[in-house]
There are 2 protein chains.
Amino acid sequence: MRKKVAELAGVSEATVSRVLSGGGAVKEETARRVLEAAQQLNYVPSALAQRFALRKSGNLGVILPMLPKVNLFSTYYFSEVLSGIGMTAKQRGYDLLLLFREPHEPRDYANLFRTQKIDGCIIVGAQDTPSEREALAELKQGHYPFCLVNQRFEGEAYNSVDADQRTGSIDAVRHLVSQGCTRICFLNGPSEYSNSEDRLLGYRQALEEAGLSFLPERVLLGNYSRKSGYLQAKAVAALVREGRIDAVIAANDRMAIGLLQGLKELGIRVGEEIALIGCDDSDIVRMTDPPLTSIRVPFFEIGCEAASKLLDIVTNTEDAEAFAVKLPVKLIERASSSAEDAKKA
Amino acid sequence: MRKKVAELAGVSEATVSRVLSGGGAVKEETARRVLEAAQQLNYVPSALAQRFALRKSGNLGVILPMLPKVNLFSTYYFSEVLSGIGMTAKQRGYDLLLLFREPHEPRDYANLFRTQKIDGCIIVGAQDTPSEREALAELKQGHYPFCLVNQRFEGEAYNSVDADQRTGSIDAVRHLVSQGCTRICFLNGPSEYSNSEDRLLGYRQALEEAGLSFLPERVLLGNYSRKSGYLQAKAVAALVREGRIDAVIAANDRMAIGLLQGLKELGIRVGEEIALIGCDDSDIVRMTDPPLTSIRVPFFEIGCEAASKLLDIVTNTEDAEAFAVKLPVKLIERASSSAEDAKKA
DNA sequence: ATGAAAGCGCTAACAG
DNA sequence: CTGTTAGCGCTTTCAT
């Protein structure tokens, strides 16, 4: 095939290669003839062979947890991040290799590089567990380029792109305080996710700044699922009735929505008796009643940034800069956080 | 590397290859030595080189529309389908190559095969447009294995996996009729999607079976977005007030939810003055007020089935059976379709 | 059962 | 500028 193109154009196969992969210098006239011949014979070089010869897969790996039916992560989150990664990878000529990780499967990320399936990888939904740390350490040691998304590992300077969750919590608290709330509750997610800790940190800091005291009884725990939020409704309702809290910040929208439903069933009016703020500003917050105030996180941009920075490293070969990007978040006010009655109380 | 393994095991490189890729017959003792040597040297064969030698990419391509901010498709839909495909591909030793298609980019699917990036591909979110038909015809003509998901092309016998949307509509109508509804409205999506037509067909058929007449004024059109459902609220409200309809079936959940919100704003009580049924049973229908009756579509299973059947063809080389699978759907009853008042009226 | 050697389709020196 | 040639790391006849 390639040979026939060479013949038709009256050149050697090497020249065909040079023309079609933009490499070496070729006379314009020659290039034109080759291009024509290729067109005529409907020939395109095999990416597989090219990549083999170059010893580069041309693939950007994206590792994500297999989303089971009841997933802790929202489909919104993954769709946005993935779209951002995909768009960027495409622009830079990389293909996306999707790697689903079953929950309890060994995390042998390094093998993806050894087998030359990928040239770099982005890890989404990583957790701070021993096995994860081990897998990442192996990547680091092998000098395999990788990047974490929305996860930080204390004590390790891994490449990462994250949202400024801490400031998000601070904004949320300030907003509530400006609404007159003084007894703010925080419904957090599991500590395996650094975001959980970041959000809590922001919450505490903002309380302090506002001269409010931090009370352990005002910190609740869920697992980021809607159900876990729903299950906390009883506890929250009790606190509300006893006048011990006048607002809740949930660490993600799913829990906030579960909580909202639970409170509704218990006769507590969100947005009146109590203010509620979610986090992520996912597509569902506009569909609840009342609409949910939430912290918008630029997931799409996070994906773009992660892919972009990582591919810089993958391609630059040399001056590979490590990075730890933090993108700003933004509080989107809606009806759930007005808490008019609470203010008056 | 491979050479060192061969040395360490005291065999030739060919034997190393035979052992590590399970090919030819090797004495057990020899195999053990090779495996040990490989382990010791931390050697794994390069998938890139293997695939090149075998002239197979080992990749299953998944083509999906780039999800823009305001997407017609729900993230739920893609997540489920993709997870199903991913799980199945993984089980069968294939990697997933994700291919985002920008809306107005030329659809050169065949090139993915020519460049040997993929061995087969699944097309998600295809539309019945001339350019799409052209791209698919080229695939067909090149004997490139592919499979459509949730889309049918009239007059072409392409491999496909779909839900039985028609029966879904029939079930929905029957359910409404059993609730006492007799003036059922249908909010459909664009005709580029064969599912739209299928659902409408079922609607008409069920009306006929129930002895109800089909009225054009009872067929509304949206574009599957929440907004398009929202925008139809005024028209629907008017019909309700004039007593000309007592139920609405929306062709997907997003439109149903938009409609629900719009009706709520107009003071129409869904589940009382009018019954409402959505389609897809996506994760959001449990979060609305009232919860939405919806037609559950097994998206995950659709993904599994598509990947499984397609890979059968990709691997079998010979007795490649064409297929057109239709998976059953199931009506999930919730509060939005009780329409008690309408029944009495 | 194993080794030797050819070749997959392309890139990349190296000559000319 | 262009042709020649030697690999890239693996699979696979073909011998032995």
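The values are calculated or read from the model by the stated rules, or taken from the named source; none is laboratory data. Here the structure is a predicted model, which is why all the values come from computation and not from measurement. Cβ coordinates were reconstructed from backbone atoms using ideal geometry, including for glycine residues, and neighbour counts include every protein chain displayed. Remember, those area values only see protein heavy atoms, side chains included, never the ligands or the DNA or RNA. Shrake-Rupley method; radii C 1.70, N 1.55, O 1.52, S 1.80 Å.
Among the residues of the stretch B:95-108, what is the count of those that are of a type in the set (F, W, Y) and buried (at least 23 other Cβ atoms within 10 Å of the Cβ)?
Count: 0.
Within the stretch A:233-265, count every residue that is without any contact (Cβ under 8 Å) to a residue 40 or more places away in the chain and in a helix (DSSP H, G or I).
Result for the stretch A:233-265: 14.
Please tell me if B:I122 is within 16 Å of DNA strand C (Cβ to nearest atom), touching a strand residue (DSSP E or B) at 6+ places or on another chain (Cβ under 6 Å) and in the same structural domain as B:K309 (by TED's automatic domain parsing).
Against the criterion (within 16 Å of DNA strand C (Cβ to nearest atom), touching a strand residue (DSSP E or B) at 6+ places or on another chain (Cβ under 6 Å) and in the same structural domain as B:K309 (by TED's automatic domain parsing)), B:I122 does not qualify.
Against the definition (over 29 Å from B:F113 (Cβ atoms) and out of contact with any helix residue (DSSP H, G or I) (no Cβ under 6 Å at 6 or more places or on another chain)), how does A:D108 come out, yes or no?
Yes.
Return only the number of the condition from (1) open to solvent by 30 Å² or more (accessible area, probe 1.4 Å); (2) touching a strand residue (DSSP E or B) at 6+ places or on another chain (Cβ under 7 Å) that B:Q91 does not satisfy.
(2)
Is one or more of the residues making up the stretch B:55-78 among the small types (G, A, S), within 12 Å of chain A (Cβ to nearest Cβ), within 16 Å of DNA strand D (Cβ to nearest atom) and in contact (Cβ under 8 Å) with a residue 12 or more places away in the chain?
Taking every residue of the stretch B:55-78 in turn, at least one turns out to be among the small types (G, A, S), within 12 Å of chain A (Cβ to nearest Cβ), within 16 Å of DNA strand D (Cβ to nearest atom) and in contact (Cβ under 8 Å) with a residue 12 or more places away in the chain.
B:V81: closer than 30 Å to B:G222 by Cα and touching a Phe, Trp or Tyr at 6+ places or on another chain (Cβ under 9 Å), yes or no?
Answer is yes for this residue.
Just for helices (runs of 4 or more DSSP H) wholly inside the stretch A:1-91: which have at least 2 residues that are within 16 Å of DNA strand C (Cβ to nearest atom)?
Answer list for the stretch A:1-91: A:2-9, A:13-20, A:28-41, A:47-54.
When A:L310 is evaluated against the numbered criteria (1) open to solvent by 10 Å² or more (accessible area, probe 1.4 Å); (2) touching a residue at least 40 places away in the same chain (Cβ under 8 Å); (3) farther than 22 Å from A:F186 by Cβ, which criterion, by number, is the only one it fails?
Of everything listed in (1) open to solvent by 10 Å² or more (accessible area, probe 1.4 Å); (2) touching a residue at least 40 places away in the same chain (Cβ under 8 Å); (3) farther than 22 Å from A:F186 by Cβ, A:L310 misses just condition (1).
Can you tell me how many residues in the stretch A:27-43 are without any contact (Cβ under 8 Å) to a residue 12 or more places away in the chain and either open to solvent by less than 50 Å² (accessible area, probe 1.4 Å) or at the interface with chain B (Cβ under 9 Å from one of its Cβ atoms) (or both)?
Of the residues in the stretch A:27-43, 1 are without any contact (Cβ under 8 Å) to a residue 12 or more places away in the chain and either open to solvent by less than 50 Å² (accessible area, probe 1.4 Å) or at the interface with chain B (Cβ under 9 Å from one of its Cβ atoms) (or both).
Filtering the stretch A:238-271 down to residues that are over 20 Å from A:Q179 (Cβ atoms) and in contact with a strand residue (DSSP E or B) (Cβ under 9 Å, 6 or more places away or on another chain), which residue is most open to solvent (accessible area, probe 1.4 Å)?
A:K264
Any chance the stretch A:265-277 includes a residue that's within 12 Å of chain B (Cβ to nearest Cβ) and under 18 Å from A:T75 (Cβ atoms)?
no
How many residues are at pLDDT below 95, open to solvent by less than 30 Å² (accessible area, probe 1.4 Å) and not in a helix (DSSP H, G or I) if we restrict to the stretch A:272-307?
4
Quick grid of which residues meet (1) over 15 Å from the mean Cα position of the chain (by Cα); (2) assigned by TED's automatic domain parsing to the domain that holds A:Y224; (3) of a type outside the set (A, V, I, L, M, F, W, C); (4) closer than 23 Å to A:S196 by Cα:
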{"position": "A:P65", "(1), (2), (3), (4)": "no, no, yes, yes"}
{"position": "A:S79", "(1), (2), (3), (4)": "no, no, yes, yes"}
{"position": "A:L82", "(1), (2), (3), (4)": "no, no, no, yes"}
{"position": "A:M87", "(1), (2), (3), (4)": "no, no, no, no"}
{"position": "A:P103", "(1), (2), (3), (4)": "yes, no, yes, yes"}
{"position": "A:D108", "(1), (2), (3), (4)": "yes, no, yes, no"}
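So which residues in the stretch A:1-46 are acidic (D, E) and away from DNA strand D (no atom under 11 Å from the Cβ), if there are any at all?
A:E36
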